[in-house]
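**Q** Below you'll find the structure I mean.
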Amino acid sequence: MYIYLALKPRMRLKTQLAIKADIESLPPRAWSRKDLQKYLAEKREAWNAPQYFSTGLFIDFLVENELARTSEIRSKEYGSKSRYVTGELTILPFACSFFPRSYVSHATALHVHGFLPIGTIYVNHEQSPKKTTSRLSQGRIDQAFQNQPRRSAFEFRTERHTVIFLNGKNTRDAGVIETTGPSGELLRCSSLERTLIDCVVRPQYVGGIEALATILPNAIDRVSTEEIVRLLAQTKYACPYHQSLGFLLERAGVAGVHLEPLRRLPRRFKFYLDYGMKIPLYDPDWQVYYPATMK
């Protein structure tokens, strides 16, 4: 067997075969240069790789022997980012490889849970913890929901997909699970209950609040309102998103007894189901303004 390695002097064939067997035994993965540097340091002795075999030569060896390929995402505003991909890696773990502990969320999480086809890929990497000092008031709520929400500009393209990175609120990974993706890949993803919370907080990342309302009747058999309440306590949002969730879940067909965990939470303010609504309707039970098109 001949393996190409552009080195002088040539590395022993036994070492080359050991590297090849090792890499081919791994599950598909996207590597940064630092990842490969660390892996080489861990495996150098086992492979009996010479000291001159640097990270750059290791990468050259992988690429030239078709054990790895370079894959990029590109943005007009932010340039390009690349990874070295080994194996047949699918788009979702590839998209999650650019930020540590990131996970798919919003519409992409609904795709993973089986409720939407794949579209724009949303990857959330949480902010560092921050103290919140502003107090909630009806005036602040009214002002915040008058206009359209901000959208992430951190948008990249692959040949076939759009990937949008979100820098979400720090929740200490509340409701983030490891699951099997649509193609059998291991994936970090928001749980269904956490996904519903995220989509109510930022409906623009699921195609709008009415798109979410359309999905919900098919999801309610898999949703625990007790888990939603637990996650709301963990995520510590100042706004009363439980009112929006209660309104949507009731309309989707959740029985009254299962809505009690949400009903027990205080309703001190009138809230909004979406941003920038013109002449909305009002539900006095959940104290929520909602689009007139949802009547």
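The values are calculated or read from the model by the stated rules, or taken from the named source; none is laboratory data. All figures in this text were calculated on a predicted structure; none of them were measured in a lab. As a convention, Cβ positions derive from the backbone with ideal geometry for all residues, glycine included, and neighbour counts pool all protein chains shown.
**Q** Pull up segment 53-75, narrow it to residues that are closer than 16 Å to R12 by Cα and of a type in the set (A, V, I, L, M), then point me to the one that is surrounded by the most Cβ atoms within 10 Å (Cβ to Cβ).
**A** Among residues in segment 53-75 that are closer than 16 Å to R12 by Cα and of a type in the set (A, V, I, L, M), the one surrounded by the most Cβ atoms within 10 Å (Cβ to Cβ) is L62.
**Q** Can I ask one more? Can you give me the ranges of the helices (runs of 4 or more DSSP H) entirely in segment 1-100 with at least 2 residues that are more than 29 Å from the chain's Cα centre (by Cα) and over 24 Å from E155 (Cα atoms)?
**A** Those helices (runs of 4 or more DSSP H) span 13-25, 33-47, 55-64.
**Q** If we keep just the residues of segment 179-203 that are closer than 26 Å to Q243 by Cβ and of a type in the set (S, T, N, Q), which is nearest to the chain's Cα centre (by Cα)?
**A** That would be S190.
**Q** Can you name the condition, by its number, that P117 falls short on among (1) touching a residue at least 12 places away in the same chain (Cβ under 8 Å); (2) assigned by TED's automatic domain parsing to the domain that holds G184?
**A** (1)
**Q** From the list V176, V112, which residue is closer than 19 Å to Q234 by Cβ, touching a strand residue (DSSP E or B) at 6+ places or on another chain (Cβ under 9 Å) and modelled with pLDDT of 95 or more?
**A** Details: V112 fails: closer than 19 Å to Q234 by Cβ.
Being closer than 19 Å to Q234 by Cβ, touching a strand residue (DSSP E or B) at 6+ places or on another chain (Cβ under 9 Å) and modelled with pLDDT of 95 or more holds for just one of V176, V112, which is V176.
**Q** Can you go through A213, A233, A238, A255 and tell me which one is out of contact with any Pro (no Cβ under 7 Å at 6 or more places or on another chain), assigned by TED's automatic domain parsing to the domain that holds Y122 and crowded, with 16+ Cβ neighbours inside 10 Å? So that I can check it myself, show each step before the final result.
**A** Values: A233 fails: crowded, with 16+ Cβ neighbours inside 10 Å; A238 fails: crowded, with 16+ Cβ neighbours inside 10 Å; A255 fails: crowded, with 16+ Cβ neighbours inside 10 Å.
Going through A213, A233, A238, A255 in turn, the sole match is A213.
**Q** Just name the residue that is farthest from the chain's Cα centre (by Cα) out of those in segment 139-178 that are under 30 Å from E88 (Cβ atoms), crowded, with 18+ Cβ neighbours inside 10 Å and among the aromatic types (F, W, Y).
**A** The qualifying residue farthest from the chain's Cα centre (by Cα) is F156.
**Q** In segment 71-102, what residues are in contact with a Phe, Trp or Tyr (Cβ under 9 Å, 6 or more places away or on another chain) and hydrophobic (A, V, I, L, M, F, W, C)?
**A** Of everything in segment 71-102, those that are in contact with a Phe, Trp or Tyr (Cβ under 9 Å, 6 or more places away or on another chain) and hydrophobic (A, V, I, L, M, F, W, C) turn out to be I73, V85, A95, C96, F98, F99.
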